[in-house]
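J.: Pasting in a structure now, in structure tokens, and then I'll have a few things to ask.
The values are calculated or read from the model by the stated rules, or taken from the named source; none is laboratory data. Keep in mind the model is a prediction, meaning the values are calculated, not measured. Reconstructed Cβ throughout: ideal geometry from the backbone, glycine too, with neighbour counts over all protein chains shown. Areas reflect the complete protein model, heavy atoms only, side chains present, ligands, DNA and RNA absent. Shrake-Rupley method; radii C 1.70, N 1.55, O 1.52, S 1.80 Å.
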Amino acid sequence: MKKLKIFLNGLIYENPTLVIFLGMCPALGTTNKVENALYMSLCVLAVLLLSNIIISLIRKIVPNEVRIPVYIIIIATLVSIVDMLFHAYLPYNVYQSLGSFISLIVVNCIILGRAESFANKNNVLDSIIDALGFACGFAVAIIVVAFFRELIGTGALSWAGHSLQIIPKNYAISLFASNSGAFIALGLVVALYSFVMNVVKDNKKTKAAKTASESK
Amino acid sequence: MELFGIAFAALLGSNIILSRFLGICPFLGVSKKSSSAIGMGLALIAVVILSSLICYGLDKLLVLLEMQSYLELVVFILVIASFVQLLEFFLKKYIPSLYKSLGVYLPLITTNCVVLQVCLDLVSREYNLLQTLVYSLSVSVGYMIVIVIFSHIRTRLDNSQNMPKAFKGNAIALITAGLMAMAFMAFSGFSF
């Protein structure tokens with residue numbers, strides 16, 4: 001039960017992109033296509049999972065004063081490895097359009113934030129679940145943003161060179177595919193999320209009030 | 001003329017925040033008050049210029065040693081992190097008034113992707129020393145311009161009364177940034 005709570009914490013209650021607003025740069029820069037967003041979240045998942053495992057394993061060895069530089073070196077090494085692997089095995093146009101956002105995972109606050117606030121205090125299994133939760137939260141958020149941006153911006157959804165036209169091209173709003181559309185689409189998704197959460201909270205409150213009045 | 005082109009593109013045409021989407025976390029986090037936005041901007045200008053000069057030199061060394069492809073990222077982030085730490089010690093000792101006014105923003109700069117991106121850019125674009133200086137100065141000034149303008153808009157937003165509850169805070173801030181990006185898109189048509 002506790003494990004599920006750790007997972008849901010990253011996925012919903014402390015969603016890195018929609019609630020605590022960390023690691024926003026890839027959420028804006030790689031959401032022009034669903035394909036890019038998916039590969040970007042795969043990259044974040046790989047780095048976050050490995051860094052959480054390693055940091056949780058060495059948490060009792062590393063002295064407290066030098067922990068941040070140690071974390072940064074671990075993360076930078078992992079990112080270099082993942083970058084080279086992606087360069088070798090990813091479709092070349094996807095790697096090209098992700099560009100420097102892969103290298104910039106080094107300074108992504110999600111990774112360092114989880115290392116600092118979770119992995120250095122908890123055991124390996126919990127850290128793995130935490131990493132999965134946060135990576136999935138990031139992935140779901142940016143894939144939703146990318147889905148709307150690609151669908152509204154170009155009218156089509158594309159995957160590995162094949163594209164499926166859903167809205168006729170003349171009705172696509174190309175603003176959403178551009179830079180300013182990234183900010184606007186993400187803002188709207190954040191608003192939608194907080195709207196849903198407010199409704200859920202209100203429902204819970206009225207339910208609690210109901211049960212309280214019934215028990216009286 | 002070429003230097004002017006580099007400066008114009010970095011300042012306005014492809015602004016680091018609004019068209020390259022970098023440094024968004026501090027852009028949203030620190031822009032609630034204009035005084036803190038100015039402090040963050042000034043600290044960033046100093047760190048970007050000095051750390052890009054150091055990285056420029058170190059990259060030449062890495063190329064000589066033929067280790068560039070796999071050590072670049074690790075070396076750069078280490079340089080930036082330790083340089084920010086050094087700057088903090090230096091300011092604390094010699095210019096305590098500036099240190100106090102920058103406060104918590106100085107250590108936060110380590111995780112600002114602008115600094116790392118500038119260092120990576122000047123390697124991939126093969127800039128020389130003068131171009132590096134102009135580029136790093138104009139990128140960081142461009143960052144400061146946008147974050148200061150945005151902080152002024154944001155104080156207005158926070159005072160508005162009849163905003164839907166779901167949009168309050170960062171949601172409306174992101175949409176406002178989108179409108180600003182639209183305005184800055186006009187600059188991207190210029191070429192020198």
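J.: Select, from A:L98, A:L85, the only residue that is more than 9 Å from chain B (Cβ to nearest Cβ) and open to solvent by less than 10 Å² (accessible area, probe 1.4 Å).
T.: Details: A:L85 fails: open to solvent by less than 10 Å² (accessible area, probe 1.4 Å).
Of the residues listed, the single one that is more than 9 Å from chain B (Cβ to nearest Cβ) and open to solvent by less than 10 Å² (accessible area, probe 1.4 Å) is A:L98.
J.: Has region B:150-166 got at least one residue that is under 17 Å from the mean Cα position of the chain (by Cα) and more than 9 Å from chain A (Cβ to nearest Cβ)? Let's see the steps before the verdict.
T.: As a first pass, look at region B:150-166 and keep what is under 17 Å from the mean Cα position of the chain (by Cα): B:150-151.
Of the ones still in play, those that are also more than 9 Å from chain A (Cβ to nearest Cβ) are B:150-151.
Yes, because at least one residue in region B:150-166 is under 17 Å from the mean Cα position of the chain (by Cα) and more than 9 Å from chain A (Cβ to nearest Cβ).
J.: Does any residue in region B:45-59 that is under 16 Å from B:P107 (Cβ atoms) and of a type outside the set (S, T, Y) come within less than 9 Å, Cβ to Cβ, of a residue that is open to solvent by 40 Å² or more (accessible area, probe 1.4 Å) and modelled with pLDDT of 90 or more six or more places away or on a different chain, and which pairs are these?
T.: B:V48/B:L137
J.: Follow-up question, since we're still on this one. For residues that are under 19 Å from B:G13 (Cβ atoms) and not hydrophobic (A, V, I, L, M, F, W, C), tally how many sit in region B:143-161.
T.: The total comes to 1.
J.: Looking at B:S136, B:S82, which one is under 18 Å from the mean Cα position of the chain (by Cα), of a type in the set (G, A, S) and surrounded by 22 or more Cβ atoms within 10 Å (Cβ to Cβ)?
T.: On the way: B:S82 fails: surrounded by 22 or more Cβ atoms within 10 Å (Cβ to Cβ).
The conditions single out B:S136.
J.: Something else about it: Determine, yes or no, whether A:L38 is closer than 27 Å to B:F27 by Cβ and open to solvent by 20 Å² or more (accessible area, probe 1.4 Å).
T.: On the way: closer than 27 Å to B:F27 by Cβ: yes; open to solvent by 20 Å² or more (accessible area, probe 1.4 Å): yes.
Judged against the criteria, A:L38 is a match.
J.: Another one. Condition test on B:L64, is it more than 12 Å from every other protein chain (Cβ to nearest Cβ), open to solvent by 20 Å² or more (accessible area, probe 1.4 Å) and free of Cβ contacts under 8 Å to residues at least 24 places away in the same chain?
T.: Working: more than 12 Å from every other protein chain (Cβ to nearest Cβ): yes; open to solvent by 20 Å² or more (accessible area, probe 1.4 Å): yes; free of Cβ contacts under 8 Å to residues at least 24 places away in the same chain: yes.
It is true that B:L64 is more than 12 Å from every other protein chain (Cβ to nearest Cβ), open to solvent by 20 Å² or more (accessible area, probe 1.4 Å) and free of Cβ contacts under 8 Å to residues at least 24 places away in the same chain.
J.: Here's a check for you: in region B:107-116, which residue that is under 9 Å from the mean Cα position of the chain (by Cα) and part of a helix (DSSP H, G or I) is nearest to the other protein chains (Cβ to nearest Cβ)?
T.: Among those that are under 9 Å from the mean Cα position of the chain (by Cα) and part of a helix (DSSP H, G or I), it is B:C113.
J.: Taking region B:95-112 as the search range and keeping residues that are buried (at least 16 other Cβ atoms within 10 Å of the Cβ) and of a type in the set (A, V, I, L, M), which one is farthest from B:A81 (Cα to Cα)?
T.: B:L102
J.: Moving to a separate point now. Give the residue that is nearest to A:H162 (Cα to Cα), with candidates limited to residues of region A:104-131 that are open to solvent by 20 Å² or more (accessible area, probe 1.4 Å) and of a type in the set (G, A, S). Spell out the reasoning first.
T.: Taking region A:104-131 as the starting set, the residues that turn out to be open to solvent by 20 Å² or more (accessible area, probe 1.4 Å) are A:109, A:112-114, A:116-118, A:120-125, A:128-129.
Filter once more, keeping what is of a type in the set (G, A, S): A:113, A:117.
Working: A:G113: 38, A:S117: 42 Å.
Among them, the one singled out is A:G113.
J.: Oh, and also: In this structure, does A:I58 turn out to be open to solvent by 30 Å² or more (accessible area, probe 1.4 Å) and at the interface with another protein chain (Cβ under 10 Å from one of its Cβ atoms)?
T.: On the way: open to solvent by 30 Å² or more (accessible area, probe 1.4 Å): yes; at the interface with another protein chain (Cβ under 10 Å from one of its Cβ atoms): no.
No, not satisfied.
J.: A:L4 fails exactly one of the following numbered conditions: (1) more than 10 Å from every other protein chain (Cβ to nearest Cβ); (2) over 19 Å from B:T110 (Cβ atoms); (3) in contact with a helix residue (DSSP H, G or I) (Cβ under 8 Å, 6 or more places away or on another chain); (4) open to solvent by 10 Å² or more (accessible area, probe 1.4 Å). What is the number of that condition?
T.: (3)
J.: Please specify each residue of region B:132-180 satisfying the condition of being in a helix (DSSP H, G or I), among the charged types (D, E, K, R) and closer than 28 Å to A:A141 by Cα.
T.: Just the residues of region B:132-180 that are in a helix (DSSP H, G or I), to begin with: B:132-159, B:165-167, B:170-180.
Filter once more, keeping what is among the charged types (D, E, K, R): B:154, B:156, B:158, B:165.
Matches in region B:132-180: B:R154, B:D158, B:K165.
J.: Scan region A:88-111 residue by residue and report those that are of a type in the set (V, I, T) and in contact with a Phe, Trp or Tyr (Cβ under 7 Å, 6 or more places away or on another chain).
T.: Within region A:88-111, A:V94, A:I102, A:I110 meet the criteria.
J.: Next question. Could you tell me whether any residue of region B:36-45 is within 12 Å of the chain's Cα centre (by Cα), under 29 Å from A:A27 (Cβ atoms), open to solvent by less than 10 Å² (accessible area, probe 1.4 Å) and within 14 Å of another protein chain (Cβ to nearest Cβ)?
T.: Checking region B:36-45: at least one residue is within 12 Å of the chain's Cα centre (by Cα), under 29 Å from A:A27 (Cβ atoms), open to solvent by less than 10 Å² (accessible area, probe 1.4 Å) and within 14 Å of another protein chain (Cβ to nearest Cβ).
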